[in-house]
Amino acid sequence: MNSILSRIAVVTTGGDCPGLNAAIRAVVRTSIHHGLEIKGIVHGYDGLISGDLIDLKNESVSNIIQRGGTILKTSRSDRFKTDEGMKLAAEQVKSNNIDALVVIGGDGSFRGAEKFSSIHGINVMCIPKTIDNDIFGTDQSIGFDTAVNTVVQAVDKIRDTAASHDRLFFVEVMGRDSGMIALTSGIAVGAEAILIPETDTRVEQLVKILERGWQRKKTSMIVIVAEGDDAGGAYAIAEEVKKRFTGFDTRVSILGHMQRGGSPTSADRVLASRLGFAVIEGLVEGRKNEMVGVINNQIHFTPLSEVVNNRKLIDRSLVTIAHMLSQ
Ligand code: F6P
């Protein structure tokens, strides 16, 4: 066991997602198992700057594994991006005798974490969470599976209406820079087309796909649009398509923040439990400034500098599959 480790703190940062509570629970209980004292930081990095710390015990995390959101609350902190904010946060870490910080966050939070550790010499270990699943160093981030299942349930319902009215629906899902949710859910709902930021969207090509469906007498059509698609959002693309394709009555549905809430799926609960457990085991073994992930179903640690300097790419074979099967 690492002898200098006696008190650690855990924080959730950035956008919330389902599975955060399951990760907090795993971090707390594994820490206590190893005889470590564990503090929770409330309201993300903002709470770290202001010293908003609470004690966490085994009973503090009872009955939360199934709950969405985060019992520690979260924030997208602008202050932590400043030198002054980071300095204040480092002072809090030192004055509270915290030996290591566990950050359950996304890409942006990890950039902050990496800078924090290199400038202030604080050991930061990270757990990846984001419904976008765009973090390098893990096949899956906490929250993605639940978000995809939320989209699938919603689009299955929309399909009923689309089929009853012979309609074309453009359904916009989250993903400012990432098409992971759109691509995965689009395959799962049998979407006629999936528009994502990682591929070039051409309206003429989309119209051809829709006309092909019309000719083969499809009674409904669904186009999944990632919010960050290069051709614009679902409303803008639908307007362009309507000028060239009049086969179906067209509607737009924006799923929005419903994708971020709700009870986590069993897959997200298990993933969060595995990552929360592994990050503390890693700390106890003496690991520093790494992110824990799962690659090919095995726990894998990646240096934070590598995580933030690399981009996770989509699996292009999924684009081919989606296109092939939508005919
Ligand atoms: O990063 C997760 C995410 O849900 C993105 O898919 C989305 O673009 C963004 O957060 C929305 O953030 P906010 O809740 O701050 O508007």
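Worth a mention:
- For the chain, calculated [θ]222 nm from helices alone, where every DSSP H run of n ≥ 4 adds -39500 (n - 2.57): -13500 deg cm²/dmol
- Gain on full stretching of the segment that runs from D139 to R251 - 0.36 nm per residue minus C-alpha separation: 36.9 nm
- Partner lysines for K39 [C-alpha distance under 17 Å; skip if fewer than 8 residues away on the same chain]: K57, K73, K94
- Taking the empirical scaling 2.2 N^0.38 Å for compact globular proteins as reference, the chain has a Cα radius of gyration ratio of 1.09.
- √(5λ) per eigenvalue of the Cα gyration tensor, the range 144-261, largest first, Å: 21, 16, 11
- Extension reserve of the D78-I64 stretch, reckoned as 0.36 nm per residue once the Cα distance is removed: 2.2 nm
- Label-point separation, D230 to V270 (7 Å along Cα→Cβ), nm: 3.7
- Computing FRET efficiency as 1/(1 + (r/R0)^6) for R111 and I295, where r is the C-beta to C-beta distance and R0 is 22 Å, gives about 0.55.
- Using θ = phi - 60° in the Karplus curve 6.51 cos²θ - 1.76 cosθ + 1.60, the 3J(HN,Hα) couplings for the range 177-189 round to 10, 9, x, 4, 5, 4, 5, 5, 5, x, 5, 5, 9 Hz; x is entered for Gly and Pro.
- The length gained by stretching the chain between D177 and K157 to full extension, at 0.36 nm per residue less their Cα-Cα distance, is 4.6 nm.
- For the chain, share of DSSP beta bridges that run antiparallel, in % to the nearest 5: 20
- Percent carbon-and-sulfur accessible area, the chain, ignoring ligands, DNA and RNA, probe 1.4 Å: 49
- Listed by chain and number, the lysines whose alpha-carbon sits under 30 Å from that of K208, ignoring those within fewer than 8 places in the same chain, are K157, K217, K218, K242, K243.
- Averaged over its residues, the range 204-284 has an accessible area of 46 Å² per residue, based on protein heavy atoms and a 1.4 Å probe.
- Remark: spin-label model distance R244-S164 equals 3.2 nm, labels positioned 7 Å along the Cα→Cβ axis.
The values are calculated or read from the model by the stated rules, or taken from the named source; none is laboratory data. From a predicted model like this one, the values you see are computed outputs, not experimental measurements. Here the Cβ is made from the backbone with ideal geometry for all residues, glycine too, and neighbour counts use every protein chain on show. Heads up: the accessible areas ignore ligands, DNA and RNA and are worked out on the full protein's heavy atoms, side chains in. Shrake-Rupley method; radii C 1.70, N 1.55, O 1.52, S 1.80 Å.
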